[in-house]
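The values are calculated or read from the model by the stated rules, or taken from the named source; none is laboratory data. Owing to the predicted nature of the structure, the values given are computational and were not obtained by experimental measurement. Cβ placement follows ideal geometry from the backbone for every residue including glycine, while neighbour counts extend to all protein chains displayed. For the accessible areas, the whole protein counts, side chains as well, though only heavy atoms, and no ligand, DNA or RNA atoms are used. Shrake-Rupley method; radii C 1.70, N 1.55, O 1.52, S 1.80 Å.
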Amino acid sequence: NSGFTPKYFELKLSSSRTDLPEPAKFKAKDGSEVHVFGTIDRVDTLRINDELFVRVVDYKTGKKDFSPSDIDKGKNLQMFLYLKSVVDTQNREFLTDLGAVPGKKPVPAGVVYVKTEVGDITVNSPDEAVVSKAIENAQKRKGMILAEPEVLNATGAKFAPVRIINSGAIHGSDKAKAFTRDWWDEKMLTISDVVTGIASGIKKGVISAPEGGCDACTWCKFKPICRSNK
């Protein structure tokens, strides 16, 4: 169903092992470095001629909302940081195992969020095709994808985080969820500014939750001892 092949599951980022990708690295204005670690749920690869395309997949048990504009707001950066770690790593042992062409940097092909829980679905007909379509709609992928024909074709309309019309092009309303190689390079500069800005704030003791409907209090493990009225 897809030209992409799952290559790694639960892939850790490491600054000490050459068989793993390095963490995403950023240089702060004060000269210090910021390293972002984590574990990637899944990494898929696609080889086209002498280029290796890489996408990262994240499994979500709950609701996941994503908008490309989140990046400029400093939100939902995790998957983009993970993809940056894989395509920017200098660890040759890992790159060889990944399947990268020697001397060529892997190409970022997308970030995809996969919903693992469907919940109850109501249909108006017991027809198997209707039921299958309803389940498929309930499990629609979200995220962003590289807007190149080979990548779109390899992903397939059923599993893409964008709507692909019969001509193979991206539906007009989903074009914001597709990116180019130049876009990727530009957004990495934006993400660098965001990450180093957060790190600078933490050094100064600034750890307040951002404005705009943040649900930090919902998940905070310190709620039992919190004195906040909220």
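Apply the Karplus parameterisation 6.51 cos²θ - 1.76 cosθ + 1.60, with θ equal to phi minus 60°, to every residue of the range 7-13 and state each ³J(HN,Hα) to the nearest whole Hz, in sequence, with x for glycine and proline.
Listing the rounded values in order: 9, 9, 10, 6, 7, 8, 9 Hz.
Over the chain, what per residue volume does the convex hull of the Cα atoms give, in whole Å³?
Looking at the chain, the number lands at 174 Å³ per residue.
How much of the accessible area of the range 1-136, in percent, comes from carbon and sulfur atoms when a 1.4 Å probe is used? Don't jump to the answer; show the numbers that get you there.
On the way: 3530 of 7530 Å².
Answer for the range 1-136: carbon and sulfur cover 47 percent of the accessible area.
If you average 1/r over all unlike Cα pairs in the range 142-208 and invert the result, what Kirkwood radius do you get in angstrom?
Taking every pair of different Cα atoms in the range 142-208, averaging 1/r and inverting gives 14.0 Å.
Going through the range 7-51, which trypsin sites (Lys or Arg not before Pro) have at most 13 other Cβ atoms within 10 Å and a DSSP loop state?
Passing sites in the range 7-51 are 17, 29.
Using the Karplus equation 6.51 cos²θ - 1.76 cosθ + 1.60 (θ = phi - 60°), what ³J(HN,Hα) coupling, rounded to whole Hz, does each residue of the range 124-137 give in order, writing x for Gly and Pro?
Once θ is set to phi - 60°, the couplings for the range 124-137 become 9, 8, x, 4, 4, 5, 5, 4, 4, 5, 5, 5, 4, 5 Hz.
Along the charge dipole of the chain, Cβ charges K/R +1 and D/E -1, which of 49, 28, 132 sits furthest on the positive end?
Of the options given, the answer is 28.
Based on the mean of other beta carbon atoms within 10 Å per residue, what is the order of 89-99, 181-191, most packed first?
Packing proxy ranking, top to bottom: 89-99, 181-191.
Roughly how many whole Å is it from the C-alpha centroid of the range 35-83 to that of the range 1-20?
12
For the chain, what does -39500 (n - 2.57) per DSSP helix run (n ≥ 4), summed and divided by total residues, give at 222 nm, in deg cm²/dmol to the nearest 500?
Details: 6 runs with 63 residues, N = 230.
Computed mean residue ellipticity for the chain: -8000 deg cm²/dmol.
Any idea what the relative contact order of the chain is, in percent, if you count C-alpha pairs under 8 Å spaced at least 6 apart?
On the way: 353 pairs, mean separation 43.8, N = 230.
Relative contact order comes out at 19 percent.
Would you work out which of 172, 146, 59 lies farthest towards the positive end of the dipole of the chain? Charges go on Cβ: Lys and Arg +1, Asp and Glu -1.
The one lying farthest along the dipole's positive direction is 59.
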